[in-house]
Structure formats: C-alpha cells, structure tokens
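The block underneath contains the structure these notes are about, expressed in structure tokens.
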Amino acid sequence: MGIVLKQSLNNTIITYLGFAVGAVNTLFLYTRFLTDEYYGLVGVILSASAVLMPLLAFGVPNTLVKYFSGFKDSTHKNGFLTLMLVLPLFLILPVALISYVAYDAIGNFLAKENPIVKGYVWYIFIIGMSMAYFEIFYAWAKVHMKSIFGNFLKEVFTRIGVTILLIMVYFNWISVDTFLISLVILYILRMLIMKFYAYSLQMPVLSFKFPANTKTIIQYSALIILGGSAAVVLLEVDKVMINQFIKIENVAYYSVAIFIATVISVPSRAMHQIVYPLTAEILTKNDTASLKNLYHRSALTLFIISGLLYLLIIVNLGDLYLLLSDDYSKGFFVVLLIGLAKVYDAILGNNNAILYNSDYYKMLLILGVFLAIITILFNMWLIPEYELIGAAIASFSAIFIYNTLKIVFVKVRFGILPFSNAMLKVLLVLVLLGVAFYFITIPFHPILSISIKSILMIVFYTWVLYRFKLSEDVSGVLIKFFKK
C-alpha cells in the first residue's frame, strides 16, 4: 500500500484543492455572477457532455490500463498505443456528422421545456470530445504510475479557469455568451496539455501493426462503452432530465446540492487513480491474497474518511444553506440521499477496479446498462411528480441497487467482501458522533458555527482513530503526522 498511500495522499490534496476552488465557484460565484437560468444552462451543457464522453472515448481509458502492462515487445506496444489513439475516431466522426445533419432536431429535443438550451448543441459535442481524449491521455499517464499531474488538470485547472472567467463576467469584461465559448476553449486546452504531458512520458510511435489480440481489445472497449455510459448516466443524467421536465433554474439548485454531496467521493476518486492499475497488476499475477488485502484496506480507509465527511456535511447543512438564497435550500434532501449513496460508493473500495480488470466485466457491463435504463425511467416518473427530490430518489435507488449487485458479484466470483470488523467499529463511532453533534446549535454566524463544529468533530474522530488504531493505514499516517 506504500505507493497507493503516497500517490493517493498527493491526489487527495490536489483533489480537495480543486473542490475548494469548486466550492467557491459553485456556492458563491455561479450563484451571484450568473442568473439561475444561465447557471442551469452551464449545468446542462456539462452534464450532457459528461454523458456523451464515454461514447466518444470508445472505452479506451479502461482498455489502455487493462492491456498496456501485457505488452513487453516495443513493436506490439506501439501498435497498441496507435490503436488507442485511433479507435475513438470511429465514433467521434459519425457523431459529429449526425450532430451536423440533425442539429435542429437535437436542439429542439433538448429545448422542449427550456428554449435557451437549443443553441448549444455544438458546445456539448466539443466539450464531450475534449473530455474523452483528456481521459485517454490521463490513462496514458496512469499506466506509467504518474497520476498526480493529470489529477491536477482534472480537478484544479478547469475550476481555476472557471473562477477567472466568472470574475471577468462580474466586471463586465466578457459577456455570458463569451463565458460559455471560453468554457469550451478551456476544456480543449486542458486536453492538449494532458496530451503533451502523456507524450513526454512515452512518445507514441505510429504503427499499424496492431496486436494479435486486437479483436479482443476492441470487443472489450465496446463493452466498456456500455459500462462507462451506464456509470455516467447514474451520475449525470438527472441534471439533463431535469431540464427536460421542469424549469432550467432547478438544474442550478440541484447542481449545488450534488456538488456538496460529491465532496464525499473525493478520497475515492483520489485513491482510484493509483489503485486501478495496481489492481490490474494483481489480477494479472492471480494473487488472491494481495487482492483481498487491498480490497479490505481500501474499503476501510475510504469508509473512515467518507463517513466523517458525510457527518460534517449533515450537521452543518442548515448553516451552509443560510449562506445561499432560499431557493437553493430545495436541495437539502438531495444532499442527504446522494451523500449517503457516495458513502456506499466508498465502502466498495477498489471493487470497480476488480470487476473492470477481471474476466467477468461483461456481465457487470450488461447489468450496468440495465440499471442505467432503470435510472432514466425512474427520473421520467419521479421528476415530474416530485421535482428535485424525485431526481435524488431515482439516483439513490439506482446507485444502491447497482453497488449491492457489484458486492454480491465479487463475493460470488472471488470469495471476498469489503466488510470487516474494523468497519463495524468505525460505523459505531460515526453514529455516536453524528447523534452527539447533530443536535448541537452554536448561535454564531453560519461560517463560525460550521468551523467550530467541524473542528470539534475532526479532533474527536481523529483521537478515536489514533487511540484505538481502527485502521493500520490511517493509524500509520496519523502516527507519522503526530511525530512530526
């Protein structure tokens, strides 16, 4: 776990820096410098781009990680890397052509409830394509165990760019339309920087002598499209569908709630950058003992951190919404439900890495597509009836079912579960801590109240972890920290 903890900690710091900037953007700048309608439009554009991205990437990021270490000969490796660069074009070019020919039809569909969306179809496509190739070049770096710079670009670079653009909007240096165009350019620039960094690690040598198992690789990539699309649908489609059924301003309110809840997933995202290729290597060696050990330790570490974050959010949520306009408080129960779903995600540890790098990924991908369809149907049913809470219920239900089935699948195929006795002890501590602090009211300014309660909770929680050594990895980090 040495390399995992080292890069995970660095990635966690970078990711939290990105989320700190994102918090300023999401909670304060967007809500004050753009109207709710335009903030909702930004949410629709970015969410629709994210939904499109797995299709345009053709599953290459996962394929690159899964197969790269298996090529030792430079000729075959060059052919494989060339294939990874070319493969996405087989979907990007047809999608671009369809977008051109059916531009009005697509625009009318997206603008059924909110006409403002109609003129931004190309924005969605270009950002989606830029996201796709960014992930490909990011995977290129990750297979060389270099995930930190890519994580900086993914989590920090774009958000700082958005901060600058929003400030320019506030001072009337640029218009909102120019802001949206600049947003597209920002994603293109991020992709190009990631490309140059990836090439600095290993410059591609174009070779059309593709590997002997090219057919298998393409089949895997095609199936990963389904799995990647299903995963993104579970996370992003609700914002797109809110636009289809109710006023676009609600996308802004929902986006703020989702951002607050997504803070819980930061440690998972940071750890997965390095755990994913490490899991692939363990599976290649068929080392069951190491796989079980990594599964338990990653799940426990992520549960310890995500559980605390969930409590910090819940006990401070009322004070946090006092800092925003009343309309944004509509997302209160969205945060409760989606936050709980994020904690469940964390409990899975490196479950996704195990499944996507094993021989059993096909079943999971098909199951993921089925659940993505259920999510869409849930949203179609619940959003018109219950609006934002309906979208949250739909997403929570789908994520809960999906994660439970993944745990069962790994148990059946590998005979391992992420749960441990230490996890039950952590759960008990979290419950007691949550009950104790939820009913505490500090009659100060919301920011001061949030700060005091958060510091007290973190100090007490850290002391319990340090005193009772509930996690070997976390205790090791705390011991080194206190010695310093």
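The values are calculated or read from the model by the stated rules, or taken from the named source; none is laboratory data. Keep in mind it's a predicted model, so treat the numbers as computed, not measured. Ideal geometry is used to build each Cβ from the backbone, glycine not excepted, and the neighbour counts take in all protein chains shown. With ligands, DNA and RNA removed, areas are computed over all heavy atoms of the protein, side chains included. Shrake-Rupley method; radii C 1.70, N 1.55, O 1.52, S 1.80 Å.
Taking every residue in the stretch 138-162 that is under 17 Å from Leu192 (Cβ atoms) and pairing it with any residue that is outside any helix (DSSP H, G or I) and open to solvent by less than 10 Å² (accessible area, probe 1.4 Å), at least 6 positions away or on another chain, the pairs with Cβ-Cβ distances below 9 Å are Tyr138/Ser147; Ala141/Ser147. The residues on offer are Val459, Val410, Val431, Val435, and the sole one that is assigned to a helix (DSSP H, G or I) and surrounded by 14 or more Cβ atoms within 10 Å (Cβ to Cβ) is Val410.
Across the stretch 462-484, which residue is farthest from Gly307 (Cα to Cα) among those that are open to solvent by 70 Å² or more (accessible area, probe 1.4 Å) and touching a helix residue (DSSP H, G or I) at 6+ places or on another chain (Cβ under 8 Å)?
Ranking the candidates gives Phe482 first.
Among the residues of the stretch 433-461, those identified as closer than 16 Å to Leu311 by Cβ, at pLDDT 85 or above and out of contact with any helix residue (DSSP H, G or I) (no Cβ under 8 Å at 6 or more places or on another chain) are Val435, Ala436, Ser451, Ile452, Ile455, Val459. One residue alone among Val51, Val95 is without any contact (Cβ under 8 Å) to a residue 60 or more places away in the chain, β-branched (Val, Ile, Thr) and either part of a helix (DSSP H, G or I) or surrounded by 14 or more Cβ atoms within 10 Å (Cβ to Cβ) (or both), and that residue is Val95. The set of residues in the stretch 202-212 being open to solvent by 60 Å² or more (accessible area, probe 1.4 Å) and either touching a His at 6+ places or on another chain (Cβ under 9 Å) or assigned to a helix (DSSP H, G or I) (or both) consists of Lys209, Phe210, Ala212.
Scanning the stretch 6-29 for residues that are touching a helix residue (DSSP H, G or I) at 6+ places or on another chain (Cβ under 7 Å), surrounded by fewer than 24 Cβ atoms within 10 Å (Cβ to Cβ) and either aromatic (Phe, Trp, Tyr) or more than 15 Å from Ile160 (Cβ to Cβ) (or both) yields Gln7, Asn10, Thr12, Tyr16, Phe19, Leu27.
The set of residues in the stretch 213-248 being open to solvent by 10 Å² or more (accessible area, probe 1.4 Å) and either in contact with a strand residue (DSSP E or B) (Cβ under 6 Å, 6 or more places away or on another chain) or farther than 29 Å from Leu355 by Cβ (or both) consists of Gln244, Phe245, Ile246, Lys247.
Of all the numbered requirements in (1) open to solvent by less than 30 Å² (accessible area, probe 1.4 Å); (2) not in a helix (DSSP H, G or I), Leu83 misses one, and that requirement is (2).
Restricting attention to the stretch 118-129, does a residue exist that is touching a Leu at 6+ places or on another chain (Cβ under 8 Å), open to solvent by less than 20 Å² (accessible area, probe 1.4 Å) and free of Cβ contacts under 8 Å to residues at least 40 places away in the same chain? Quick ask: steps written out before the conclusion?
Kept after step one, since they are touching a Leu at 6+ places or on another chain (Cβ under 8 Å), are these residues of the stretch 118-129: 118, 120-121, 123-125, 127-129.
Remaining after also requiring open to solvent by less than 20 Å² (accessible area, probe 1.4 Å): 121, 124-125, 127-128.
From what is left, the residues that are free of Cβ contacts under 8 Å to residues at least 40 places away in the same chain are 121.
Yes, the stretch 118-129 contains at least one residue that is touching a Leu at 6+ places or on another chain (Cβ under 8 Å), open to solvent by less than 20 Å² (accessible area, probe 1.4 Å) and free of Cβ contacts under 8 Å to residues at least 40 places away in the same chain.
Residues that are open to solvent by 50 Å² or more (accessible area, probe 1.4 Å) and β-branched (Val, Ile, Thr) within the stretch 289-306 comprise just one, Ile305. Scanning the stretch 55-80 for residues that are open to solvent by 10 Å² or more (accessible area, probe 1.4 Å), assigned to a helix (DSSP H, G or I) and of a type outside the set (S, T, N, Q) yields Leu55, Pro61, Val65, Lys66, Tyr67, Phe68, His76, Lys77.
Yes/no matrix, rows are residues, columns are (1) closer than 23 Å to Ala222 by Cβ; (2) acidic (Asp, Glu); (3) open to solvent by less than 30 Å² (accessible area, probe 1.4 Å):
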| site | (1), (2), (3) |
| --- | --- |
| Leu46 | no, no, no |
| Ser99 | yes, no, yes |
| Gly107 | no, no, yes |
| Met131 | yes, no, yes |
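How about the stretch 139-154: which of its residues are under 15 Å from the mean Cα position of the chain (by Cα) and surrounded by fewer than 23 Cβ atoms within 10 Å (Cβ to Cβ)? Those that are under 15 Å from the mean Cα position of the chain (by Cα) and surrounded by fewer than 23 Cβ atoms within 10 Å (Cβ to Cβ): Phe152, Leu153.
The set of residues in the stretch 161-179 that are part of a helix (DSSP H, G or I) and either touching a strand residue (DSSP E or B) at 6+ places or on another chain (Cβ under 7 Å) or surrounded by fewer than 17 Cβ atoms within 10 Å (Cβ to Cβ) (or both) comprises Thr163, Ile164, Ile167, Met168, Tyr170, Val176, Asp177, Thr178.
Taken together, Leu324, Leu283, Leu309 contain a single residue that is aliphatic (A, V, I, L, M), open to solvent by 10 Å² or more (accessible area, probe 1.4 Å) and not in a helix (DSSP H, G or I), which is Leu324. Annotation note: Cβ proximity below 6 Å between a residue of the stretch 366-394 that is of a type in the set (D, E, K, R) and a residue that is surrounded by fewer than 20 Cβ atoms within 10 Å (Cβ to Cβ) (sequence gap 6+ or interchain) occurs for Glu387/Ile246. The set of residues in the stretch 65-82 that are closer than 12 Å to Tyr220 by Cβ and of a type in the set (A, V, I, L, M) contains only Val65. Only one entry of Val275, Val251 meets the criterion of being among the hydrophobic types (A, V, I, L, M, F, W, C), buried (at least 23 other Cβ atoms within 10 Å of the Cβ) and over 21 Å from Asn351 (Cβ atoms), and that entry is Val251.
Annotation for the stretch 256-269: at least one member residue is farther than 25 Å from Leu348 by Cβ and assigned to a helix (DSSP H, G or I).
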